[in-house]
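The block underneath contains the structure these notes are about, expressed in structure tokens.
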Amino acid sequence: ESKLEDEIKTLKKLDRKNKPRQFAADLFEFRQPMSSATDGGISEDYVLGTGDRLQLNVFGSATFETPVQVDGKGDLAIPKVGVVKVAGLTLKKAKEAVQRTLAGQFSKTDVDLQVIKLREVRISVLGEVYKPGTYLVPSLSSILNVLGLSGGPNTNGTYRDIRIVRAGRIVDRLDLYPLRGEGLGNLKIGRAHV
């Protein structure tokens, strides 16, 4: 990580030697390392997927806490209780599904389910950026976060027409000028379907 950071700094210095600084370049002044850990503050409309780690807290006639993870089949395996299909459900709907499963075994039991670590997705950053390549990022990363990992657009790149492509098709575009000038336009990866 620090080696990549040094490479990007060197490339930026060489790139800016005889050229004026581009508008919005300060958005990528510093690379921010991203973490997929959360403080449990993920919205109830977050859609769960394979790799999401959750904390399950059960209160009432049965009381226990356990970390659980959405497995490759999209299930949560709850020790001594069973399996609940949650992939594709919002966090709120997943809580309800776990509640129903537990209600079949324990009366008067309440469930709390929190995301403690987001699944990671593999993103490719191509084109005129300082370090094109493939990056593993948390599922709620913004386009700006992902571009920041690559150092941002280089002096040959554009800040005005960043394309989000999936399966060879452009699914969205981003202009960084309104983001820099007015704070508008930072897309989430999930929304943009990168």
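Readers should treat all values here as calculations from the given coordinates under stated rules, not as data from a laboratory. What you see is a predicted model; the values in this text were computed from it and never measured. For neighbour counting, all protein chains shown are included, and Cβ atoms are generated from backbone atoms with ideal geometry for every residue, glycine included.
In summary, the aspartates and glutamates within cross-link reach of Lys108, defined as a Cα separation below 17 angstrom excluding same-chain residues under 8 places away, comprise Glu65, Glu96.
Averaged over all directions, how much area does the convex hull of the C-alpha atoms of the stretch 125-167 cover when projected, in nm²?
3.2 nm²
Gyration tensor analysis over the Cα atoms of the stretch 96-148 returns equivalent ellipsoid semi-axes of 42, 9, 7 Å (largest first, whole Å). Averaging 1/r over each pair of different alpha-carbon atoms in the stretch 96-185 and inverting the result gives 16.1 Å, the Kirkwood hydrodynamic radius.
Its Cα gyration tensor gives the stretch 50-150 an equivalent ellipsoid. The semi-axes, each the square root of 5 times an eigenvalue, are 36, 11, 10 Å from largest down. Backbone phi angles across the stretch 147-164, fed through the Karplus curve with coefficients 6.51, -1.76 and 1.60 (θ = phi - 60°), yield HN-Hα couplings of 4, x, 4, 8, x, x, x, 7, 5, 8, x, 10, 9, 9, 9, 8, 9, 9 Hz in residue order; Gly and Pro are listed as x.
Just to verify a number: FRET efficiency for Arg169 and Thr66, C-beta to C-beta distance, R0 = 35 Å, to 0.05?
Numbers: r = 41 Å, r/R0 = 1.18.
According to the calculation, E is roughly 0.25.
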